[in-house]
Amino acid sequence: MNEQLFHLISLQSIDSRILANKRELDKIPERLAAAEKVLDSARAKEAEFKEKLESLIKRRRGKEADLEDRLARVKTLKDRVSEVKSNVEYQARLKEINAAEAATRSLEDEVLALMESIEAMSADREEVEQAFQEASRQMEEIKAGVEERAAFLEQEIKELKSDREARRGNIDEELYLEYENIMEKENGLAVVLVKDRICHGCNMSIPPQLYNEVRSTDRIYTCPECFRMLYYKE
């Protein structure tokens, strides 16, 4: 194999790893945002649940206060029955008492319904809180893992770049500039394997004569479709 091509293949391997690491680093904010979205959803559900529960408790307390007032009024009305002077007045007082008692019973039903709703929600409260705590735990776990992975990738990129500089010196400047030009145009892939007459850069067939020359000669050839540098490996 052409010695320059050999060094280009090594350089391409390093550049591909650097590019892969950078792409993974670029996706980290997206991963964190997805985990944060799950946490925000759990946080919102917990806040909504607590707000609804507190609202029910507040309404129950208000209804209980109204009920106490109603009961006190019924008692007062009953205590004053003995004060009436005529049958008409007595009937009117009884009618008032019955209405007050009916309103009281309705209020008692409302209080009971609120108490049942509060009891039902209280049973679910632990589940909602645990869901938020689990989402928080997962967020911290993902964040720690991502930070560790990012540190590893950045350190590896640093080491790869150092290795790259050392290998670059083995390549002729003109050939290196051509390599860099192809890298820029072809999304970071300038040197590719050709096998069974297929370029592994663009997956297109190359002419039989060119394929034979890549296999048998020591020159550096490029794909007629994507213009990447080709190499053959037994």
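The values are calculated or read from the model by the stated rules, or taken from the named source; none is laboratory data. Here the structure is a predicted model, which means the values were calculated and not measured. Cβ sites come from the backbone with ideal geometry, for glycine too, and all protein chains shown count toward neighbours.
Key figures for this structure:
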| read-out | value |
| --- | --- |
| Residue within the stretch 60-72 that is more than 54 Å from the chain's Cα centre (by Cα) and of a type outside the set (Val, Ile, Thr) present | yes |
| Residue in the stretch 103-115 that is acidic (Asp, Glu), modelled with pLDDT under 85 and out of contact with any helix residue (DSSP H, G or I) (no Cβ under 8 Å at 6 or more places or on another chain) present | no |
| Test: residue in the stretch 166-183 that is closer than 24 Å to Asp26 by Cα and touching a Phe, Trp or Tyr at 6+ places or on another chain (Cβ under 9 Å) | yes |
| Candidates Ala72, Ala44, Ala65, filtered to the one that is out of contact with any Lys or Arg (no Cβ under 7 Å at 6 or more places or on another chain) and either closer than 15 Å to Glu96 by Cβ or surrounded by 15 or more Cβ atoms within 10 Å (Cβ to Cβ) (or both) | Ala72 |
| Pairs, first under 22 Å from Thr104 (Cβ atoms) in the stretch 76-91, second at pLDDT below 80, C-beta under 6 Å, six or more apart | Tyr90/Val84 |
| Residue match in the stretch 10-28 (condition: assigned to a helix (DSSP H, G or I), out of contact with any helix residue (DSSP H, G or I) (no Cβ under 7 Å at 6 or more places or on another chain) and over 30 Å from Tyr232 (Cα atoms)) | yes |
| Qualifying residue in the stretch 169-180 (condition: touching a Lys or Arg at 6+ places or on another chain (Cβ under 8 Å), more than 30 Å from Ala33 (Cβ to Cβ) and either modelled with pLDDT of 95 or more or assigned to a helix (DSSP H, G or I) (or both)) | yes |
| Filter result for the condition that a residue is modelled with pLDDT of 90 or more and not polar (S, T, N, Q), over Arg23, Arg43, Arg70 | Arg23 |
| Qualifying residue in the stretch 78-85 (condition: touching a helix residue (DSSP H, G or I) at 6+ places or on another chain (Cβ under 8 Å), among the aliphatic types (A, V, I, L, M) and within 30 Å of Glu141 (Cα to Cα)) | no |
| Filter pass, Ala150 being under 40 Å from the mean Cα position of the chain (by Cα), at negative phi and either modelled with pLDDT of 95 or more or assigned by TED's automatic domain parsing to the domain that holds Ile14 (or both) | yes |
| Number of the exception - Ala144 against (1) among the hydrophobic types (A, V, I, L, M, F, W, C); (2) in the same structural domain as Lys37 (by TED's automatic domain parsing); (3) surrounded by 11 or more Cβ atoms within 10 Å (Cβ to Cβ) | (3) |
| Qualifying residue in the stretch 124-136 (condition: more than 30 Å from Leu32 (Cβ to Cβ), assigned to a helix (DSSP H, G or I) and of a type outside the set (A, V, I, L, M, F, W, C)) | no |
